[in-house]
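Asker: One structure is given below, represented as C-alpha cells, and several questions about it will come after.
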Amino acid sequence: MALAHTLGFPRIGAKRELKIALESFWRGDSEQHQLQTTGSLLRQRHWQQQIDAGLDFVTVGDFAWYDQVLNTLALLGAIPERFKFKPSELTLSDYFTLARGSDKLHAMEMTKWFDTNYHYLVPEWTSNTTFEGGVNWLYEELTEAQKLKHPTKVVLIGPLTLLYLGKIKANADQTKLKHALDLLPRVLAAYQNVLKRLQQLGVHWVQIDEPILSLDLASEWLNAFLPSYNLLSQNAPKLLLATYFGAVNDHADLLHSLPIDGIHLDLIRGQNQLAAFTQNWPTGRVLSAGIIDGRNIWRADLDNCLEQLQPLHHQLGAQLWIAPSCSLLHVPVDLNNESTSITLDAEVKSWLAFATQKLNELALLKSALGTDRDALNSDVRQQFSDARIALDKRKKSARIHNNIVQNRLKELRTSDAHRQSAFAERIAAQAEKWQLPLFPTTTIGSFPQTKQIRQSRAAFKRGEIDNLTYLNQMRDEIRHVVEQQEKLGLDVLVHGEAERNDMVEYFGEQLWGYAFTEFGWVQSYGSRCVKPPIIYGDVYRPEAMTVSWSQYAQSLTSKPMKGMLTGPVTMLQWSFVRNDQPRSTTALQIALALRDEVQELEQAGIGMIQIDEPAFREGLPLKQKEWAAYLNWAVHAFRISSCGVTDQTQIHTHMCYSEFNDILPWIAAMDADVITIETSRSDMELLEGFGEFNYPNDIGPGVYDIHSPRIPTVLEMEKLLRKAREVIPDARLWVNPDCGLKTRNWPETIEALKNMVTAAQLLRAEVTKEKLQEQAQ
C-alpha cells in the first residue's frame, strides 16, 4: 500500500498565533517561555492534523521561529562571523538579532525563496565560516514528537542547496573565499554529524531538500552531488532527496546514481518528467509523487490524480509515497476557519483547498489506490464525487468570464504599450514641471499602520462606524502624514496608505473576479504574513480605486504627491491565480484595470504615479530557457498599465529583495521614469549591475532597511549615497528607503527619515561646493 506524507506544513498558525507571540516577545510584552509554549502548541497541533488526516509520518524540522534557512545555519553553527555569537550558545534573542538586526548590527540580507513570495535569510560565507554545531532545537522538537508517539520524518535543507543560496563575503582582512563549494568538506562533515545523531535518536527517514536541482546548475555543482551523497548515506537514516518547483528530468541519470533511498518529484511544476525516471526505477527505492499542488489553493482533480497514480502504484506498490508538490508553507492553513460571506461566498469556497484540506486529499488518494472504485467505502466515494461536482461547477460557472474584459483584450493596439516620447524628452518635460532639487527625497509609499488605523479599518468593516466617520478618520491620518513629510523636508510626498490593509488585497477588493478570505494567511518572512487574494475570474475595474485619496492628499500640499498603485505582475504573483487560463492573460486583464486607474489619476491632477512591481523577478521561471517568454509578457503588462499618460506625468516603479542584474534589459524595457530598489542590506551591491548596464532612467537605491528596527545614522546613509554616486549620475539619483514604512512605528520613522533628508542635503551642498570650485578655476 502506498504511503502519504507532506514535505512541510505552515508554521505561522491558522490564526497567526506564532506572529502574535513573536511580536509580543519582540516588544517585551511576554517572556521567552511564553513564546516557546506557543511554538510547542502549534507543532503539536500540526502534527496531530497530519495524523488525523491519515498521513503515515509527521514532518519534524519544518518549524522555524523566523526562517528555515536561518534555522539550518543555527543547527550547523554557521553563524556569520560579524555577529560574534558563539554558535553552541546561541539564544533566541541572538537568533532574532541575526534576522532583524540591532542598534549596532545590520540584519542578514533577505531575498526570495526561488520563485515564491517567501523570503529567506541569505547565508554569509567566508573562508572562516565554521560548521561545528550549534543549537539543539531540532533534536528537542524530534523528542517532542516521539513522546507523542508520532511516526516521524525529519526534514533538512540539503547541503548543496544551503551553500548555493549563500553569498560570499569578505573576511575582516578583505580576503575572499574563491567559491562556495570550497566549504563543502566542512558542511558535509556537519551534516554527517546531524544525520548520525538523528539515527541515534531513532529516526528512520530524513527528507533532504535540494530544490536547486530545478535550476540551471553549473557542472561544478552537479558534479558535487554524487561524492556528497556518498558521504551522507554512510551511518545515516534512510534519505529521501526532495526536488521541487520544477522538472528535474535533465538530471535523471544523476539522481538514479545517488546512494539514496527515495526521490521526491514535483508533478505539478514538472508534469511531464515521470517517464524519465520510472522506466528504470531502482528496486527498493521510494518515489514520492508530488501530485497535490503545494502552491495554489484550488481543489485537486482527484480523478485525474488517481489516473496518474494508478500505474505508479501498480509498478511500485509500497515504494510509492503520495505528497504535495512542495512544502505547504505557501498556502493558508485551514479552509474550515472561513465563514461564507460576501468576500468568500459558498460557491467560490467550494472550489478551494488549504493545507489541511490538502492533507485530506492525500489521504483520499492513498485510500483509493489499488482498490476498485466500487469497493471503496461510501464516505470515500462521496468525497470523490463531491470533488468532481465542484470541479464541474467551477468550469461551468457564469462568474468566470466577463465580455467587457474579453472585448478590451481584442481591441488592444501595439501603441497602447508605448509612451508618447522617449525617456530623454519625457524627463526634460518632467524636470521643467517639477523643479526638483538634486538628489530628490521621497518614500516608497506606506507610513506606519498604527493601532488606531487598524482599529478604524476593522470597525468600518464590521459596520460599527459609518462611511463618513471612516472617511474623516482616514483623512485625518492622511493630513498627519502630509504634515510630517513637509516638516521633514521631503521633496516628493505620498499619502501614507492608511486606508490600505495590504498592497494587493486593497486593490483586489475593488476589482471583479477576485475573492478574499478571513484567515487565509501565508508567511512572507518572520512574523510578516500576507492574505493573498483569489483570482477566480476575469479581472475588471468597475470604478476608481485610489483617486479620491490621492486627490485629497494633493490638496494639502504644493509639493508633488505620488499616486500609489500595485503593478499587474505583483497583483498576479501575490494572489492565488486561476489555473484555467495562461497567467499572461490574467496579468493583461489586471494591466487594463490599472491603466484606467492611472489615466484617472492623471486627469485628477496627480502628476507622479508609482506602479510597484516588487514581485517582477519573483515570477521569473527557474530555467533560463523559459525566461524570455515570461519577461516579454510581464514587461508588456506593465507597459499597458503605465503608458496611457502624457510625457509630463512621471511613472515610478519599485522593486525589492531580488537579484536584478541578470534581467536588467527587461527592467529597462519597462521604461519607468524612476525606479526605486532595495539595496541597503547588500551595501549597494545590487546597484553595481545597474551601473555596469548603464541603466538609462532615474534610480532611487534604498539607503536604509525598513524591515529592521535599527535606525541608521546620517553618516551611514551618506556613505551609501556616495557608493551610489560612483555608478549613477547625480542628475538621475533619487534618495529613499528600501521599502514602505507600514511595519515601523512613528518615532523611528521620523528619526530615520530625518537622517535620510540630512544625508541628501549634505550631498547637495557638497556638489554645489564642487561646482563653485570648478567655476572658480
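The values are calculated or read from the model by the stated rules, or taken from the named source; none is laboratory data. None of these values were measured; they are calculated from a predicted model. FYI the Cβ positions are ideal-geometry reconstructions off the backbone, even for glycines, and counts take in every protein chain you see.
Asker: Considering only helices (runs of 4 or more DSSP H) fully contained in region 400-472, which possess at least 3 residues that are of a type in the set (Gly, Ala, Ser), within 24 Å of Cys643 (Cα to Cα) and out of contact with any Gly (no Cβ under 9 Å at 6 or more places or on another chain)?
Answerer: On the way: elements: 403-411, 423-434, 451-461.
Result: 423-434.
Asker: Then there's this: With respect to the numbered conditions (1) closer than 30 Å to Gln435 by Cα; (2) hydroxyl-bearing (Ser, Thr, Tyr); (3) not in a loop (DSSP other than H, G, I, E, B), which one is the sole condition not fulfilled by Thr557?
Answerer: Thr557 satisfies all of (1) closer than 30 Å to Gln435 by Cα; (2) hydroxyl-bearing (Ser, Thr, Tyr); (3) not in a loop (DSSP other than H, G, I, E, B) except (3).
Asker: Turning to a different aspect of this structure: Looking for whichever is touching a Ser or Thr at 6+ places or on another chain (Cβ under 6 Å), of a type outside the set (Lys, Arg) and assigned to a loop (DSSP other than H, G, I, E, B) here; the options are Ser102, Ser127, Ser30. Which one fits? Step through it out loud before you land on a result.
Answerer: Values: Ser102 fails: touching a Ser or Thr at 6+ places or on another chain (Cβ under 6 Å); Ser127 fails: touching a Ser or Thr at 6+ places or on another chain (Cβ under 6 Å).
Going through Ser102, Ser127, Ser30 in turn, just one is touching a Ser or Thr at 6+ places or on another chain (Cβ under 6 Å), of a type outside the set (Lys, Arg) and assigned to a loop (DSSP other than H, G, I, E, B): Ser30.
Asker: Here's a check for you: in region 549-599, which residue that is small (Gly, Ala, Ser) and within 26 Å of Lys349 (Cβ to Cβ) is nearest to the chain's Cα centre (by Cα)? Walk me through it before giving the result.
Answerer: So the first thing to find is which residues in region 549-599 are small (Gly, Ala, Ser), and the list is 550, 553, 555, 558, 563, 567, 575, 584, 587, 591, 593.
Narrowing further to those that are within 26 Å of Lys349 (Cβ to Cβ): 575, 587, 593.
Values: Ser575: 11, Ala587: 18, Ala593: 24 Å.
So, considering only residues that are small (Gly, Ala, Ser) and within 26 Å of Lys349 (Cβ to Cβ), the one nearest to the chain's Cα centre (by Cα) is Ser575.
Asker: Now a separate question. Output the residues belonging to region 427-482 that are free of Cβ contacts under 8 Å to residues at least 40 places away in the same chain and aromatic (Phe, Trp, Tyr).
Answerer: Scanning region 427-482 gives Phe460, Tyr470.
Asker: Looking at the structure I just gave you, is Pro621 touching a residue at least 12 places away in the same chain (Cβ under 8 Å) and surrounded by fewer than 24 Cβ atoms within 10 Å (Cβ to Cβ)?
Answerer: Criteria met by Pro621.
Asker: Can Gln68 be described as farther than 23 Å from Leu177 by Cβ, under 26 Å from the mean Cα position of the chain (by Cα), surrounded by fewer than 22 Cβ atoms within 10 Å (Cβ to Cβ) and at pLDDT 95 or above? Break it down into steps so the answer makes sense when it comes.
Answerer: Details: farther than 23 Å from Leu177 by Cβ: yes; under 26 Å from the mean Cα position of the chain (by Cα): yes; surrounded by fewer than 22 Cβ atoms within 10 Å (Cβ to Cβ): no; at pLDDT 95 or above: yes.
When the stated conditions are applied, Gln68 does not pass them.
Asker: Out of Pro747, Pro701, which single residue is under 26 Å from His495 (Cα atoms) and surrounded by 15 or more Cβ atoms within 10 Å (Cβ to Cβ)? Spell out the reasoning first.
Answerer: Working: Pro747 fails: surrounded by 15 or more Cβ atoms within 10 Å (Cβ to Cβ).
Of Pro747, Pro701, the one residue that is under 26 Å from His495 (Cα atoms) and surrounded by 15 or more Cβ atoms within 10 Å (Cβ to Cβ) is Pro701.
Asker: Then there is this: Pick from region 722-733 the residues that are among the hydrophobic types (A, V, I, L, M, F, W, C) and either out of contact with any Phe, Trp or Tyr (no Cβ under 7 Å at 6 or more places or on another chain) or assigned to a loop (DSSP other than H, G, I, E, B) (or both): which of them is farthest from Met756 (Cα to Cα)?
Answerer: Checking each candidate, the answer is Val727.
Asker: Let me ask you something else. Does Trp549 qualify as being crowded, with 18+ Cβ neighbours inside 10 Å, among the aromatic types (Phe, Trp, Tyr), closer than 30 Å to His330 by Cβ and in the same structural domain as Met474 (by TED's automatic domain parsing)?
Answerer: So Trp549 does not fit the description; no.
Asker: Across region 395-416, what is the number of residues that are within 30 Å of Ala300 (Cβ to Cβ) and of a type in the set (A, V, I, L, M)? Spell out the reasoning first.
Answerer: Restricting attention to region 395-416, the residues satisfying the condition of being within 30 Å of Ala300 (Cβ to Cβ) are 395-402, 405-406, 409.
Checking the rest, the ones that are also of a type in the set (A, V, I, L, M) come to 398, 400, 405, 409.
Residues meeting the conditions: 4.
Asker: For region 163-265, give me every one of the helices (runs of 4 or more DSSP H) that falls completely inside it and has 2 or more residues that are of a type in the set (Phe, Trp, Tyr) and more than 17 Å from Leu622 (Cβ to Cβ).
Answerer: Numbers: elements: 184-200, 219-222, 225-232, 252-257.
Ranges flagged: 225-232.
Asker: If you take the residues of region 563-603 that are among the small types (Gly, Ala, Ser) and part of a helix (DSSP H, G or I), which of them is surrounded by the fewest Cβ atoms within 10 Å (Cβ to Cβ)?
Answerer: If we filter region 563-603 for residues that are among the small types (Gly, Ala, Ser), which is where we start, we get 563, 567, 575, 584, 587, 591, 593.
Okay, now just the ones that are also part of a helix (DSSP H, G or I), so 584, 587, 591, 593.
Numbers: Ser584: 16, Ala587: 27, Ala591: 30, Ala593: 23.
It comes out as Ser584.
For (1) under 18 Å from Ser350 (Cα atoms); (2) at pLDDT below 95; (3) in contact with a His (Cβ under 7 Å, 6 or more places away or on another chain), each residue gets a yes or a no:
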residue: Val286; (1), (2), (3): no, no, no
residue: Ile292; (1), (2), (3): yes, no, no
residue: Gln310; (1), (2), (3): no, yes, no
residue: Ala323; (1), (2), (3): no, no, yes
residue: Ser327; (1), (2), (3): no, no, no
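Asker: Ala629 - would you say it is surrounded by fewer than 19 Cβ atoms within 10 Å (Cβ to Cβ), among the aliphatic types (A, V, I, L, M) and at pLDDT 95 or above? Break it down stepwise before answering.
Answerer: Values: surrounded by fewer than 19 Cβ atoms within 10 Å (Cβ to Cβ): yes; among the aliphatic types (A, V, I, L, M): yes; at pLDDT 95 or above: yes.
Yes: the conditions hold for Ala629.
Asker: Only one of these is in contact with a Pro (Cβ under 7 Å, 6 or more places away or on another chain) and in the same structural domain as Glu688 (by TED's automatic domain parsing): Met564, Met655, Met571. Name it.
Answerer: Working: Met564 fails: in contact with a Pro (Cβ under 7 Å, 6 or more places away or on another chain); Met571 fails: in contact with a Pro (Cβ under 7 Å, 6 or more places away or on another chain).
Only one candidate qualifies: Met655.
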